[in-house]
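The values are calculated or read from the model by the stated rules, or taken from the named source; none is laboratory data. Fair warning: this is a prediction, and the values are worked out from it, not measured in the lab. Note: ideal-geometry Cβ built from the backbone for every residue, glycine included; neighbour counts use all protein chains shown.
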């Protein structure tokens, strides 16, 4: 079947088909984090985006993230699509890990994100590189993982649209998150499932309404 005709559920089934060859990206992540990840844990990682959102755009973004095909300057320069492999913010080499977490500016964003979460929900977060990229796997809090996924998408959007000359901040992210929640609410309304939206996202939604 042509990939253009695949639905999210089709991609999900590919994720959990353990009879297929493991993607080389899995080995690259294990090397990056210096850990060994079981097949069961990989299944959890691959399925998380499908559990915490119904937005196909976010699911596709996390798919690209896990397969290490989210654009970054190291990759773009390698294929002669960028004049530099440097991060625009700190001038270090911009790998996918750097873009999402290791950059000084992005680390500060995640600290601010953790502080915001604590102020709003009273729960302390200790986010590291793998919990940002993979999600918080030891939590059944889908709202938290949804917000982390949206935050990664926000960071990627700002940098890819060459807006990274602007400060990446939690204040700007919350405005972005409000717009994304409005889209999510519309998706639930279109399926006549607004009560389900309120049940799942009500605590977060109330912050903006």
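So which of 60, 49 ends up being surrounded by fewer than 20 Cβ atoms within 10 Å (Cβ to Cβ), part of a helix (DSSP H, G or I) and modelled with pLDDT of 95 or more?
Within the list 60, 49, the selection yields 60.
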Q) Among the listed residues 136, 132, 70, 123, which satisfies the condition of being under 25 Å from residue 181 (Cα atoms) and more than 18 Å from the chain's Cα centre (by Cα)? A) 123
Q: Return a yes/no flag: does the stretch 8-21 have any residue that is part of a helix (DSSP H, G or I), surrounded by 14 or more Cβ atoms within 10 Å (Cβ to Cβ) and modelled with pLDDT of 90 or more.
A: no
Q: Of the conditions (1) farther than 18 Å from residue 50 by Cβ; (2) within 20 Å of the chain's Cα centre (by Cα), residue 200 clears all except one; give me its number.
A: (1)
Q | Test for residue 145: is it more than 25 Å from residue 51 (Cα to Cα), in contact (Cβ under 8 Å) with a residue 12 or more places away in the chain and within 16 Å of the chain's Cα centre (by Cα) | A | no
(Q) Condition (residue is under 23 Å from residue 70 (Cβ atoms) and either in contact (Cβ under 8 Å) with a residue 12 or more places away in the chain or in contact with a strand residue (DSSP E or B) (Cβ under 8 Å, 6 or more places away or on another chain) (or both)) applied to the stretch 117-126: is it met by at least one residue? (A) yes
Q: Please go through the stretch 30-71 and pick out each residue that is in contact (Cβ under 8 Å) with a residue 12 or more places away in the chain and at positive phi.
A: 68
Q.
Which condition from (1) in a helix (DSSP H, G or I); (2) surrounded by 14 or more Cβ atoms within 10 Å (Cβ to Cβ); (3) in contact (Cβ under 8 Å) with a residue 12 or more places away in the chain is the one that residue 89 breaks?
A. (1)
